[in-house]
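S.K.: One structure, as structure tokens, below. Some questions next.
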Amino acid sequence: AKSITVKRNGQSVMLPVDDKAIQLLTSYDNQKATIIGPRILSQLDTVGPNTIAEQIGLAKGDQLISINGESVKYYHQYQRVFSNNIGQVSTLKYLSNGQEQTATYTAQENEILGIRPVMPLSVVEKFGLVESLGMGVSHGVDFLGGQISAFGKMFTGEIKAKDSLGSFITIGKQFGPTWDWYRFWNMTAMLSMILAFLNLLPIPALDGGHVMFLLWELITGKKPSDKFLEVATLAGFLLLIVFMIYALGLDITRHF
């Protein structure tokens with residue numbers, strides 16, 4: 001994307017996307033980063049047992065105001081400010097039953113406050129059989145187009161290949177820690193399309209390689225020798241093995 005259009009204060013505003021953002025957003029370290037999201041109030045829905053929040057007396061319905069004077073009215077502000085004050089005595093201001101309250105706490109490394117905000121309502125749009133077929137095709141075309149575009153950017157250096165490669169370990173992680181039918185079928189469809197696309201690449205040993213040789217024969221009228229096809233297929237197979245070993249190596253180094 002070269003630009004993003006948003007509605008701000010009732011007006012449409014176009015924001016240009018810096019080319020440097022491509023590598024930043026596609027880097028492996030930022031795969032789970034939250035780029036944008038709804039602005040959620042720091043109003044408590046749940047207070048975890050045996051947590052700092054329970055110890056200082058926070059309760060469901062309370063609204064966070066500030067930590068050490070910095071506003072935490074919204075949940076993304078709370079996450080940032082709380083992390084920046086790990087290991088030091090912090091003063092928390094919050095509203096409880098309409099009254100402003102103050103509490104102090106000290107959070108140690110890897111310790112959480114233990115709260116969950118009231119989440120905005122979400123609506124799942126469902127489609128009938130005929131509509132879902134059309135939406136599926138549209139979604140698949142958009143996804144495949146994005147993959148082809150990203151593949152091209154790897155060759156131009158706009159996207160680092162090592163950030164976009166992974167083995168069966170990466171694939172397994174994409175399915176998530178809990179079972180979800182939507183995620184399962186979505187991942188199954190994406191993997192199928194990616195494999196279909198890769199299979200059409202002009203690499204000997206893949207279907208795309210056979211098409212390449214057939215086109216050569218169609219254009220020149222000469223069929224490549226069996227020996228040449230054998231050597232080319234072996235070279236293509238070895239190339240694929242090298243890619244697989246490289247992808248597996250990347251996953252192993254990421255884990256450790």
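S.K.: Just how much of Lys222 is accessible, in Å², when a 1.4 Å probe is used and the result is rounded to the nearest 10?
M.R.: Solvent-accessible area, nearest 10 Å²: 140 Å².
S.K.: By average Cβ neighbour count within 10 Å, what is the ranking of 70-76, 9-15 from highest down?
M.R.: The peptides rank, most packed first, as 70-76, 9-15.
S.K.: Calculate the spin-label point distance for Val141 paired with Ile36, positioning each point 7 Å from the Cα along the beta-carbon direction, and give it in nanometres.
M.R.: Distance between the two pseudo-spin positions: 2.4 nm.
S.K.: If you place +1 on the Cβ of every Lys and Arg and -1 on the Cβ of every Asp and Glu, how big does the dipole about the Cα centre of the range 126-219 come out, in debye to the nearest 20?
M.R.: In total the dipole reaches around 320 debye.
S.K.: Just by accessible area at a 1.4 angstrom probe, what is the order of His255, His210 from largest to smallest?
M.R.: So, going from the largest accessible area down, we get His255, His210.
S.K.: From a point 7 Å beyond the Cα of Ala21 in the direction of its Cβ, which residues of the range 138-163 have a backbone N at a distance under 11 Å?
M.R.: It comes to no residues whatsoever.
S.K.: Compute the length gained on full extension between Leu191 and Glu158: take 0.36 nm times their separation in residues and subtract their Cα-Cα distance, giving the result in nm to one decimal.
M.R.: Going from the current span to full extension adds 9.6 nm.
S.K.: I need the phi-derived Karplus couplings for the range 109-122: 6.51 cos²θ - 1.76 cosθ + 1.60, θ = phi - 60°, integer Hz, Gly and Pro marked x.
M.R.: Coupling constants for the range 109-122: 4, 6, 9, 10, 6, x, 10, 9, x, 6, 8, x, 5, 10 Hz.
S.K.: Relative contact order for the chain: what percent, with Cα pairs under 8 Å and sequence separation of 6 or more?
M.R.: Contact order relative to length: 14 percent.
S.K.: Of the GluC sites (Glu not before Pro) in the range 117-204, which ones lie in a loop per DSSP and count no more than 15 other C-beta atoms within 10 Å?
M.R.: Those satisfying the criteria are Glu125, Glu158.
S.K.: Mind checking which lysines have their C-alpha under 22 Å from Lys60, skipping anything on the same chain fewer than 8 residues away?
M.R.: Reachable lysines: Lys73, Lys93.
S.K.: Between Val13 and Asp207, what is the FRET efficiency for a Förster distance of 51 Å, r being their Cβ-Cβ separation, to the nearest 0.05?
M.R.: Given R0 = 51 Å and the Cβ-Cβ separation, E is 0.65.
S.K.: What are the ³J(HN,Hα) couplings of the range 239-251, residue after residue, when phi is run through the Karplus curve with 6.51, -1.76, 1.60 and θ = phi - 60°? Round to Hz, x for glycine and proline.
M.R.: 4, 5, 4, 4, 4, 5, 5, 4, 5, 5, x, 4, 5
S.K.: Treat each spin label as a single point 7 Å out from the Cα along the C-beta direction, and report the Leu248 to Ala1 distance in nm.
M.R.: Taking the two extended label points, one gets 3.8 nm.
S.K.: Among [x] 51, 22, 18; [y] 30, 19, 18; [z] 46, 19, 13, which one is semi-axes √(5λ) of the Cα gyration tensor in Å computed from these coordinates?
M.R.: Derived directly from the coordinates: [x].
S.K.: For the range 151-163, just list the computed ³J(HN,Hα) in residue order, Karplus coefficients 6.51, -1.76 and 1.60, θ = phi - 60°, integers in Hz, with x standing in for Gly and Pro.
M.R.: 4, x, 5, 5, 6, 8, x, 5, 10, 6, 4, 5, 7
S.K.: Hey, for a label at Ile219 modelled as a point 7 Å past Cα toward Cβ, could you say which residues of the range 178-207 have their backbone N under 19 Å away?
M.R.: 200-207
S.K.: Set the Förster radius R0 to 51 Å, insert the Cβ-Cβ distance between Ile86 and Val123 as r into 1/(1 + (r/R0)^6), and round the FRET efficiency to 0.05.
M.R.: 0.90
The values are calculated or read from the model by the stated rules, or taken from the named source; none is laboratory data. Predicted model only: the values in this text are computed from it and were never measured. Here Cβ is always computed from backbone atoms with ideal geometry, including for glycine, and neighbour counts include all displayed protein chains. Accessible surface areas use protein heavy atoms only, side chains included; no ligands, DNA or RNA. Shrake-Rupley method; radii C 1.70, N 1.55, O 1.52, S 1.80 Å.
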